[in-house]
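Here is the structure we will look at.
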Number of protein chains: 2
Amino acid sequence: MNAPANSFTSAVFPLQTIDVPGGTETVLPGGRHLFPLLPAAFAGVRRIGVIGWGPQGRAQALNLRDSLAGTGIRVTVGLRPGSASAPDARACGFTEDDGTLGDWLDVTAAADLVILLIADAALAACHQQIFAALRPGAAIGLSHGFLLGHLRATGGAFPHGHDVIAVCPKGMGDSVRRLYEQGGHVGGAGINASFAVHADHSGRATDLALGWSVALGSPYTFRTTLAGEYHSDIAGERAILLGAVHGLVEALYGHYRLAGDDPATAYERSCETLTGPIRQTISRSGLTAVRDQLGDRLGPGGRDTFDRAYTAAYGPARELVAEIYDEVADGTELRSVILAERRLADRPMSRISGSPMWAAGRTVRDRRGARVVDIEPFTAGLFVATMMAQVDEFAERGHPWSEIVNESVIEAVDSLLPYMHARDVAYMVDNCSRTARLGARRWGPRFQAAYEQIAFPAAGSPPDGALVAAFTGHPVHQALAAAAKLRPSVDISVPAPQGPRAE
Amino acid sequence: MNAPANSFTSAVFPLQTIDVPGGTETVLPGGRHLFPLLPAAFAGVRRIGVIGWGPQGRAQALNLRDSLAGTGIRVTVGLRPGSASAPDARACGFTEDDGTLGDWLDVTAAADLVILLIADAALAACHQQIFAALRPGAAIGLSHGFLLGHLRATGGAFPHGHDVIAVCPKGMGDSVRRLYEQGGHVGGAGINASFAVHADHSGRATDLALGWSVALGSPYTFRTTLAGEYHSDIAGERAILLGAVHGLVEALYGHYRLAGDDPATAYERSCETLTGPIRQTISRSGLTAVRDQLGDRLGPGGRDTFDRAYTAAYGPARELVAEIYDEVADGTELRSVILAERRLADRPMSRISGSPMWAAGRTVRDRRGARVVDIEPFTAGLFVATMMAQVDEFAERGHPWSEIVNESVIEAVDSLLPYMHARDVAYMVDNCSRTARLGARRWGPRFQAAYEQIAFPAAGSPPDGALVAAFTGHPVHQALAAAAKLRPSVDISVPAPQGPRAE
C-alpha cells in the first residue's frame, strides 16, 4: 500500500526524531519562535492565493496573514462570482480595494502558491479551470487528498511544472483558527497537521509545505503521502471518526432501551458516556486507561464487560474498516460520492436526525452538571475495539504512526467527539462536509448492523484473553504517548453551531 | 439507460402481444406443445454443454435433457477437476461413460451451445479460459448478466464470432426443476424467464434463446437486454428481493419490541406477516389488495396506518433504490464484490443470523397452524412502498414492464418470500449466492437505517393523499395483471434447506 514516509530533511527548520513502534519518525515541532524562518521557507512566493472561504479557507487565510505580517508576502482570497462568503471575507479585512479579495481565477493567476480550499464537489467540478489559470511554476496547495482520489477515479492528473503539496490540519477549520489565536498567549496551542510533497518541481517543496504548516500554527507536523492522507482521511471519517460512532450509538441506544432503560438513561449509557468520560479519559490518559479504571469484578460495570464487548466487536469492526479502506483505495468510494452528487442535484438528501434518541439527547444535555455520567464498560469496549480495528488496519496498510494516531485517536477524542458532545452525533452527520456526510450515511448503518447482528450476540461469550492482551500491550500506546508530548496544550473548545467538516 | 425492448419476431415460435402501460410487449407463452419445434430452434446445435452443477446448472441440464429427448441433441455437463458435484451429476444420469459428463474445458470445446452456470466469482476468475476453449461459432449462453457487468468493470469483452445469449429464469434453480416436473401433469407450471440477445453472429440467436427457454419449461418468456437484466437483477436483489426485506424486518422487530411486544409477537408483526399473509395477498390478488382489505377506520390496524407508513417510506426507499441502481449501472457495486472476494480469501464472512429476532422466529414457526397471523398495516405500508419505489425507479430507467413486475413483484412474492417464510430471512441472506449475499449485507443495513431514522419518525404525520392515489392508480397493476395471466399455474413450493440463489 503506502510506503512509510518516516524521515525527511529541511534546509530551513530544525526537525525532531520521535520514537514510534518499530523505529522513528521525523517531525517538525512548530511554534511562533519559528516565524522568523518563514521568509526563507516561502522563498520565491510573493502572493498566496487562498481559494474558498469555508471554515478551512477562512481559518487558513487569517492564520497565514497574521503569521506572515511584515514579510511582504501577501495573502489573497479568491471567491467564485456571487459568492455568499464575500461579506465575511471583507469583514475579516480581505477587500477588493486593497487587492486581497478577488475572483477565484484572477487570484489564482496572480499567486505563487494557490491553496485550494473549496468544497470537494466544487473541486471535482472546477479543478481544470483552476489548473488552466495557474501562472508558470506556481505551487498547488491542498489540505487533503480528495483531489488526488478524484483524479485517479476519473483518469485525470495534476499539471506538470508545478509543485503539488499538501498541509492537512487534523481538526475542523474553526479549531484551526481558534487554537491559533490561543497560541498567541498559550505556548503550544494549535492543531497538528500532516504534510505531503506530491510533486517537487522547484526542489523546495518540502520547506514550502513546512512553512505553510508552521504559519498555520501547527504544534507538530508529520509527513505522509497525498495518497496516504487521502486514504486515511476518507476511510477514517467513514469509520471511527464519524460513521462508526453514529452506528455505535444508534445500536447501543436501542440495546439499552430494550434492556429497560428510559430514553434519557439509554442516551447516557450510549452517547453521553462516549462523548463525555470515555473521550476525556482517552484524551488525557490514553486508551488503556479506559479499561484500567474499571473495577476488577466480573459482571456488569467491570472490566469483564469491557473485555467481552471488546472481544465481540473487534472482528466485525476490523472486517468493516478493511472493506472501507479497500473501497477508498480502489476509488469505488469516490465513484459513489460522484454518483450521489449527481442524484442530489435533483433531490435533497434526507436528514437522519429524526430518530428518537436525539430527542433524549436534549434532555440529557439539559441536565448536565446535575448528574455524573460514568464510563459504561460495554459501550467503552465496543468503541475502543473499533478504534483499535482502525489502528491495526491502518498499520497493516503501511501508514506512518503519526498519521495512524492522529486519524484514529487524536482527531476523534480532541476534535470530533467534543463537537458531538456539544451538539449531538446526528447533527454532526447531517451538517459535515458532503463527502463525509455521504460516507457516514453509507457506513454508519453497516457498523450499526455489525454491532447489533454480530457483536451484541457474541458479547455473551467469555473474553478472548489473547485479543485483550494484544490490546493492552499494543505498540500504539507508545506512539500515542509520543504524539501526546507534542499535542496542543489546551482543550479544543467547541465552536458555536455551524457546519463542521470532518477532515 | 436501457432502451425498452418491447417487440421481437421469431421464425419458429408463435408469439403473443400483451398490453402494458404505454403500449405493448411481445412475449412467448411456453408449454410442452412447443417441444416439437425445438429442433428447428436449435438448428445447428448438436451438443449443449452445461458448465457447472449448482442449483441452476442441475435444473437446466435436467430440463434440457428431458425436453430434447429423442431429438439427437445431446446435453453434456462440464465440471472442474475434483468437483464435489460429480457424484450428484452421475446420480442424475450424466456420466463419463456415455460422454455426457466431463472436464469443463473439454465439454466447452465439444459443444455448440455452452451455457455458463458456474458461480459469479468462478465466472469472473475463469471466463477467459472458457472463451479460449470455445469451438468456432459456438454460442455462449448465460443465465444472468453478471459476466457483462464484470467485463465492463474490468475492461474485458466477449469474444467475437459467437452468439451471446441469455435465458434468465426468474426463480431459484430448485424451483426451475420442480415446476418443470409438475409441468408434466399440470399445464402451465414452470418458472418465467427473460431472454436477451447480446450478439447475433449466426442470425438465429433469438430462436436459439427462445428454444432454450421453452426447453426449460418457462410458461412465459419476455425480452430484455443483457445490461438491463444485469441492472435489474443485481439492483433488485439488493433492494426489494433481499436487502430491503432484511433491513425492514430488523428495523420492525426492534420497533415492535420497543413498543412492548414480546419477542414472538414482534416477530409475527414484522417477519411473519410479511412472508405470510402480505406475500400471499400480493401473489393472489395484487398490490392494492393488501390495502383494500384493511378496515376504513383511522388509527392502528386500519388503512390509515398503511397509508402513513407508505407515505413515510416511499421517499427514503426511492432514494436508496436510485443509489443502488446508480452503483450497479456504474460498475461500482461489482468493484465492491471483487474487492470483497479478495478479502474473503483470507477471512470468512461473518454470519448475521445471530441477532435475537431469529430465535423468536423459531418459536413462531413452531406454533404455526395454532394461530392466525393477520396483515399488519404498518409493516405492509412500508413493504409495499419499498416495492413501489423499485417499480418506479426501474420504470424511470426504461426497463420493460415484464421485467419490472418480474424483478420487483413476482420473484419476491412467488419465489424468495416463500423461501424466507420456510427458513427465515437471515438464513437466506447467509446462504444465497455470494454476489447476492454481499449485496444484501451492503444494502440491508442502509434500508434498516432509513426506516428507523427517516420513515418511522415520519409515520407520525398524516398520509400524503397524492402519493397514495399515485399508488392505487398506478399502471403497474395493469402490467402485473397481464403477467399474472401468464404466471405459473401452481404455487412454487419451497425446496428442502439448501443454499438458494437470489436471481
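The values are calculated or read from the model by the stated rules, or taken from the named source; none is laboratory data. Fair warning: this is a prediction, and the values are worked out from it, not measured in the lab. Glycine gets a Cβ as well: all are built from the backbone with ideal geometry, and neighbour counts include every protein chain shown. When the accessible area is computed, the model is the full protein with side chains, heavy atoms only, and any ligands, DNA or RNA have been set aside. Shrake-Rupley method; radii C 1.70, N 1.55, O 1.52, S 1.80 Å.
Can you spot a residue in segment B:306-313 that is at positive phi, open to solvent by less than 30 Å² (accessible area, probe 1.4 Å) and either more than 26 Å from the chain's Cα centre (by Cα) or in the same structural domain as B:V425 (by TED's automatic domain parsing) (or both)?
Quick first cut of segment B:306-313, residues at positive phi only: none.
No: zero hits.
Keeping to segment A:151-170, report how many residues are on the phi < 0 side of the Ramachandran plot and in a loop (DSSP other than H, G, I, E, B). Quick ask: steps written out before the conclusion?
Within segment A:151-170, the subset on the phi < 0 side of the Ramachandran plot is A:151-154, A:156-160, A:162-170.
The next check asks that each one be in a loop (DSSP other than H, G, I, E, B); those that pass are A:156-160, A:162-163, A:170.
Number satisfying all stated conditions: 8.
Specify which of the listed residues (B:A345, B:A317) is crowded, with 23+ Cβ neighbours inside 10 Å and more than 9 Å from chain A (Cβ to nearest Cβ).
On the way: B:A345 fails: crowded, with 23+ Cβ neighbours inside 10 Å.
That would be B:A317, the only listed residue that is crowded, with 23+ Cβ neighbours inside 10 Å and more than 9 Å from chain A (Cβ to nearest Cβ).
For segment B:155-184, which positions are in contact with a strand residue (DSSP E or B) (Cβ under 7 Å, 6 or more places away or on another chain), open to solvent by 10 Å² or more (accessible area, probe 1.4 Å) and of a type in the set (A, V, I, L, M, F, W, C)?
B:F158
When you go through B:L123, B:L134, B:L113 one by one, which is the residue that is in the same structural domain as B:G211 (by TED's automatic domain parsing) and either of a type in the set (S, T, Y) or within 24 Å of B:N431 (Cβ to Cβ) (or both)?
Within the list B:L123, B:L134, B:L113, the selection yields B:L123.
Mind checking whether some residue in segment A:368-377 is under 30 Å from B:A458 (Cα atoms) and modelled with pLDDT under 95?
Taking segment A:368-377 as the starting set, the residues that turn out to be under 30 Å from B:A458 (Cα atoms) are A:368.
Still in the running and modelled with pLDDT under 95: A:368.
Checked against the condition, which is being under 30 Å from B:A458 (Cα atoms) and modelled with pLDDT under 95, segment A:368-377 yields at least one hit.
Going by what's in this entry, would A:A209 be described as under 16 Å from the mean Cα position of the chain (by Cα), within 16 Å of A:L113 (Cβ to Cβ), aliphatic (A, V, I, L, M) and modelled with pLDDT of 95 or more? Steps first, please.
Working: under 16 Å from the mean Cα position of the chain (by Cα): no; within 16 Å of A:L113 (Cβ to Cβ): yes; aliphatic (A, V, I, L, M): yes; modelled with pLDDT of 95 or more: yes.
No, not satisfied.
List the helices (runs of 4 or more DSSP H) inside segment A:219-271, counting only whole elements, that have at least 1 residues being within 13 Å of another protein chain (Cβ to nearest Cβ) and open to solvent by 10 Å² or more (accessible area, probe 1.4 Å).
On the way: elements: A:226-238, A:243-258, A:263-267.
Counting at least 1 such residues, we get A:243-258, A:263-267.
Being farther than 25 Å from A:G171 by Cβ, open to solvent by 10 Å² or more (accessible area, probe 1.4 Å), within 14 Å of chain B (Cβ to nearest Cβ) and hydroxyl-bearing (S, T, Y), is that true of even one residue in segment A:333-342?
No, that holds for no residue.
Would you point out which residue out of B:T305, B:T311 is under 30 Å from B:F471 (Cα atoms), of a type outside the set (K, R) and within 14 Å of another protein chain (Cβ to nearest Cβ)? Don't jump to the end; show me each part of the working.
On the way: B:T305 fails: within 14 Å of another protein chain (Cβ to nearest Cβ).
Of the residues listed, the single one that is under 30 Å from B:F471 (Cα atoms), of a type outside the set (K, R) and within 14 Å of another protein chain (Cβ to nearest Cβ) is B:T311.
For A:G381, state whether it is closer than 20 Å to A:A193 by Cα, away from chain B (no Cβ under 14 Å) and either outside any helix (DSSP H, G or I) or open to solvent by less than 10 Å² (accessible area, probe 1.4 Å) (or both).
no
Is it fair to say B:G187 is assigned to a loop (DSSP other than H, G, I, E, B), farther than 23 Å from B:V391 by Cβ, in contact with a helix residue (DSSP H, G or I) (Cβ under 9 Å, 6 or more places away or on another chain) and not assigned by TED's automatic domain parsing to the domain that holds B:W401? So that I can check it myself, show each step before the final result.
On the way: assigned to a loop (DSSP other than H, G, I, E, B): yes; farther than 23 Å from B:V391 by Cβ: yes; in contact with a helix residue (DSSP H, G or I) (Cβ under 9 Å, 6 or more places away or on another chain): yes; not assigned by TED's automatic domain parsing to the domain that holds B:W401: yes.
Yes.
Only one of these is more than 26 Å from B:S283 (Cβ to Cβ), outside the structural domain of B:A124 (by TED's automatic domain parsing) and open to solvent by 10 Å² or more (accessible area, probe 1.4 Å): B:R423, B:R441. Name it.
Details: B:R423 fails: more than 26 Å from B:S283 (Cβ to Cβ).
The match here is B:R441.
Which one of these does A:G398 not meet: (1) of a type outside the set (V, I, T); (2) surrounded by fewer than 24 Cβ atoms within 10 Å (Cβ to Cβ); (3) touching a His at 6+ places or on another chain (Cβ under 6 Å)?
Here A:G398 clears every test but (3).
Taking the conditions exactly as written (over 24 Å from B:T17 (Cα atoms) and out of contact with any strand residue (DSSP E or B) (no Cβ under 8 Å at 6 or more places or on another chain)), does B:R58 satisfy them or not?
Numbers: over 24 Å from B:T17 (Cα atoms): yes; out of contact with any strand residue (DSSP E or B) (no Cβ under 8 Å at 6 or more places or on another chain): yes.
Yes; evaluated as a whole, the condition is true for this residue.
For the list (1) modelled with pLDDT of 90 or more; (2) within 14 Å of chain A (Cβ to nearest Cβ), I need the number of the one condition that B:V425 fails.
(1)
When segment B:1-50 is examined, which residues are found to be open to solvent by less than 10 Å² (accessible area, probe 1.4 Å) and in a helix (DSSP H, G or I)?
B:L34, B:L38, B:A41
Looking at segment B:443-459, which of the residues that are touching a Lys or Arg at 6+ places or on another chain (Cβ under 7 Å) and in a helix (DSSP H, G or I) is nearest to the other protein chains (Cβ to nearest Cβ)?
Just the residues of segment B:443-459 that are touching a Lys or Arg at 6+ places or on another chain (Cβ under 7 Å), to begin with: B:443, B:445, B:459.
Subsequent filtering for residues that are in a helix (DSSP H, G or I) retains B:443, B:445.
On the way: B:W443: 9, B:P445: 4 Å.
By that ranking, first place goes to B:P445.
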